[in-house]
Amino acid sequence: MSYGAGQGGQGSGTEAPAVRVVREMVGDAVRMRASDIHIEPRKSSLEVRMRVDGVMQVWKELPKDLQDTVASRIKVLSDLDINEKRLPQDGRISFSVDGKGFDVRISTLPVLYGEKVVMRLLDRSMSIRGLNELDFVRHNAETFMDLIHRPLGLVLVTGPTGSGKTTTLYAALNALRSPAVNLVTCEDPVEIDLPGVNQSSVNERVGLTFARQLRAILRQDPDIVLVGEMRDSETAEIAFRAAMTGHLVLSTLHSNDAPTSVTRLLDMGVPPFLIASGLIGMVAQRLVRRLCASCRQQGPVSEVNARLLSVNPADRFWYAGSGCSACEGTGFKGRIGVHEVVGVDENMQRLIMDRAPSSVLRRSSVAAGMVPIREDALTKMRGGLTTPDEVLRQVYVKVDDLDEPIEHIAKLETPPV
């Protein structure tokens, strides 16, 4: 499947309508920097929406009679069964647009008015970001650099799907790769080709699970191992034992914040002594939309947002995007990361062994110097990089389990706009 330069998503006049629609849809998605295309059957139409910078927006309302032919076209391209409409299916497509290669993950799901199809776009030509491009404030950057340059131990990057965890881990690998180091990854799938790194992919259809692949990797004499995701207790235990026996292990986990990662691991059945002995640090992150530099302007924060964020609306002016051609009228262009980073000290190790609740772990983390993610987000909001609405949409900002005010965020260094 290929789209030539200068075609702008337009096919020839002899193309079938479904072929033309899919071509135009994918071309526009690439132009808009969309991460996902959602093809959704409605009662009397076929709605296509795209996720751009983490937010869904309607692309087009298509005639209902295109519903089955568009779904079939995508199934043919991804080698799925076009006759099976009762069960979900998963597939993949590879294509290029103007010389840039893309992998697309396909997922179908039977819904009330037909089959919903989601296409997730992965840009193979996307460059690896440097650690200095991850939007860390100075304190978090220094803590993260210290963690990934330890000789052994496990570092977890946590957050919901689409929060940039893989980008952070690839940036870490990029900083660590060297002819003197054997780096091996276990991923599902391999998203970006990283020269000098031995990247492997799981294949559960043939029984190659994360746990089985990880066992094989540990027989390959690795120095640093990336485990794409802690999916089950077996994989987690193998990773922790590797971290305790001379390897640096990097991995991801779904949890709400950094200290809650410990509770999540305990819930998965990982023994406390393994966590306390192997875990050296945790990163939690979210992505908020970055204000467009071309139409960014100052304006007061609303009283409702000020109350929800626990800030003084008269303190200073905030920023918003008015919308322009550079940002497709949205007021935003791209996204910026907000983080909290914590290293595991002796006190936290004791708390882990005692199965302390997440609220106690969080207090201990803050006492040890962790900057809560809400404070990092507010710092970047005050610096004009994002808006109060974005912070409220993506970050849990309640002063949870803490009594101190949040005004001390002023001590943090605000990243440049």
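The values are calculated or read from the model by the stated rules, or taken from the named source; none is laboratory data. Since we're looking at a predicted model, the values are computed, not measured. Counting neighbours? That spans all protein chains shown, and the Cβs are built from the backbone with ideal geometry, glycine included. Accessible surface is based on the protein model in full, side chains and every heavy atom, while ligands, DNA and RNA are left aside. Shrake-Rupley method; radii C 1.70, N 1.55, O 1.52, S 1.80 Å.
Summarise the long-distance tail of P(r) for segment 157-220 by giving the % of C-alpha pairs beyond 15 Å.
Numbers: 1149 of 2016 pairs.
The answer is 57 percent, as a whole percent.
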Rank I336, T158, S364 by how far each Cα sits towards the positive end of the charge dipole of the chain (+1 on Lys, Arg Cβ; -1 on Asp, Glu Cβ) and give me just the farthest. I336
Sketch the reach of a paramagnetic label on Y113 as a point 7 Å from Cα along Cα-to-Cβ, and name the residues of segment 66-89 whose backbone nitrogen lies under 18 Å away. 66-72
Identify the GluC sites (Glu not before Pro) of segment 66-144 meeting these criteria: DSSP loop state and at most 16 other C-beta atoms within 10 Å of the C-beta. E84
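Per residue, what accessible area does the chain have, given a 1.4 Å probe and all protein chains present, in Å²? Walk me through the numbers before you get to the answer.
Values: 19070 Å² over 417 residues.
Solvent-accessible surface per residue comes out at 46 Å².
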In terms of modelled amide H atoms, which long-range or inter-chain residues lie less than 5 Å from the amide H of C324? G329, T330, G331
Of all beta bridges DSSP finds with both residues in the chain, what is the antiparallel percent, to the nearest 5? 70
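Taking 8 Å as the Cα distance limit and 6 or more residues as the minimum spacing, I'd like the relative contact order of segment 14-154 as a percentage. Intermediate results must be reported in sequence, preceding the final value.
Working: 205 pairs, mean separation 26.1, N = 141.
Here the relative contact order equals 18 percent.
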Check which residues have an amide H placed less than 5 Å from D53's amide H, if you skip close sequence neighbours. S35
Could you list, by residue number, the cysteines of the chain that have no other cysteine's beta carbon within less than 4.7 Å of their beta carbon? C186
Directionally averaged projected area (convex hull, Cα atoms, the chain), nm²: 22.4
Segment 282-327: which trypsin sites (Lys or Arg not before Pro) are DSSP loop and have at most 15 other beta-carbon atoms within 10 angstrom? R316
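For each pair in K60/K100; K75/K116; K116/K333; K85/K165; K60/K165; K43/K333, compute the distance between the two Cα atoms and list the pairs where it is over 22 Å.
K60/K100; K116/K333; K85/K165; K60/K165; K43/K333
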Taking all protein chains together and a probe of 1.4 Å, list V181, V202 from the most accessible to the least accessible. V181, V202
Name the longest site-free stretch of the chain, where the excluded sites are chymotrypsin sites (Phe, Trp or Tyr not before Pro) in a DSSP loop with no more than 16 other beta-carbon atoms within 10 Å. 114-316
For segment 101-257, what is the largest minus smallest coordinate of the Cα atoms on each principal axis, given in angstrom and ordered from greatest to least? 54, 37, 32
Please report the relative contact order for the chain, taking Cα pairs under 8 Å with a sequence separation of at least 6, and give it as a percent rounded to a whole number. 12
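Top to bottom by accessible area (1.4 Å), largest first, where do T185, T209 land?
Values: T185 0, T209 55 Å².
Largest accessible area first, the residues go T209, T185.
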Amide H neighbours of Y319 at under 5 Å, excluding residues fewer than 5 places away on the same chain, with H built from the backbone geometry, are G299
What percent does the relative contact order of segment 37-80 come to when contacts are Cα pairs within less than 8 Å and at least six residues apart? 29
